[in-house]
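Written below as C-alpha cells is the structure these notes are about.
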Amino acid sequence: MKKNYLLLLLLISVFAYSQERENATLPTINPIAKGKITEATGWLQNDDGEWLSRKNRLPWNLSGQDKKLIDYQHYALGENRENFTYIGLHDVTIDDVNYTILIKKGKEGHYKYESISKGWIPQDVIVYYVFESQELEKLKNLEGDKNHEIKIKTIYANRIDFLTPSSSLDVNVVEKDLYKFMKKGSKFLMPELVVYLKLYKDKARFVVQSYESIEFLRPDLDKMYYETTKEKFSKLFTLE
C-alpha cells in the first residue's frame, strides 16, 4: 500500500513537471487603421462670447488678459484636457473573436511640484475602447444640421498614462495593457464611448468623448467642438 502511494506521488510529480509552459496569448490589434483622423480644428466660445480656436484641441475657456495663457503648460492641453493627436479604429482579436478598438492618443502632463504649479512634465496618454463592430452602424445616415449623441456600448475601456511620444505610437502598448486589464476580471460597468456629432453643410462638428471626461464634460456642439470636412471625418467613421 505504501509503495502504491509513493508511486502515485511520483507519477503526479512527474506529470506536473512535464506540463509545457506556454506564453499567454495577448489580444492582437491590427496596426493598420481601418479609419483614422489626425487633424481637426477645435473651437470654443468663451464666457465673453468670443470664439477661440486651436489645432487638435478644444481651447481653454479663457477671457480678457487670461487668453495669453492659452498655450501655456496645462492650459495648452485644452478645456478639460480635451485634445488628440490621433483617433483611429483598428480590428482587434480577443480569444479568436474579432472586435473593433478605438484608440485615442493625446497630450497630458503634470507638475513635479503640484502645490506651487512648478516643474511642468509633458507626457502622452492613450484612451481605448473595445466594442462590437456592428455598433458603428449607429453613425450611419444621421439627420443633418442636428446635434447627435451616439452611445457605443463597450466591452473593455481603459486609459494609459505617463507615456513617451515614441511608446504611444506602438499598438503593442495597448495590447499589453488590454491583456492586463482583462486579467483583472473587472465586473464594473464599462463606460460608453460617446460620439457627439453634428453634420453641418459640408462640415462635421464632433467630440469623441475621452474615458474620464464623461461626467465632467458634456459638450454643447453649438459652443465647443472639433470641426473638419465631412470627407475627412468619413475617413474615421463611415457615415453612409
Checklist entry - So, of the residues in region 192-220 that are in a loop (DSSP other than H, G, I, E, B), at pLDDT 80 or above and in contact with an Asp or Glu (Cβ under 9 Å, 6 or more places away or on another chain), which turns out to be most open to solvent (accessible area, probe 1.4 Å)? => result Lys201
Checklist entry - Which residue pairs have Cβ atoms closer than 6 Å, lie 6 or more positions apart in sequence or on different chains, and pair a first residue in region 80-95 that is modelled with pLDDT of 95 or more with a second residue that is part of a helix (DSSP H, G or I) and among the aliphatic types (A, V, I, L, M)? => result Asn83/Leu77
Item to check | Any hit, region 76-93, residues being surrounded by fewer than 16 Cβ atoms within 10 Å (Cβ to Cβ) and of a type in the set (S, T, N, Q) | outcome: yes
Checklist entry - Right, Lys107: farther than 16 Å from Arg159 by Cβ, part of a strand (DSSP E or B) and either of a type in the set (A, V, I, L, M) or open to solvent by 80 Å² or more (accessible area, probe 1.4 Å) (or both) or not? => result no
Checklist entry - Say we look at region 132-189 and pick out the residues that are farther than 12 Å from Ile101 by Cα, among the acidic types (Asp, Glu) and in a helix (DSSP H, G or I); which of these is least open to solvent (accessible area, probe 1.4 Å)? => result Asp177
Checklist entry - Can you pull out the residues in region 1-56 that are at pLDDT below 75 and part of a loop (DSSP other than H, G, I, E, B)? => result Met1, Gln19, Glu20, Arg21, Glu22, Asn23, Ala24
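The values are calculated or read from the model by the stated rules, or taken from the named source; none is laboratory data. Since this is a predicted model, take the numbers as computed values, not measurements. Don't worry about glycine lacking a Cβ; one is built from the backbone with ideal geometry, like all the others, and counts go over all protein chains shown. Just so you know, the surface numbers come from the protein's heavy atoms only, side chains and all, with ligands and any DNA or RNA stripped out. Shrake-Rupley method; radii C 1.70, N 1.55, O 1.52, S 1.80 Å.
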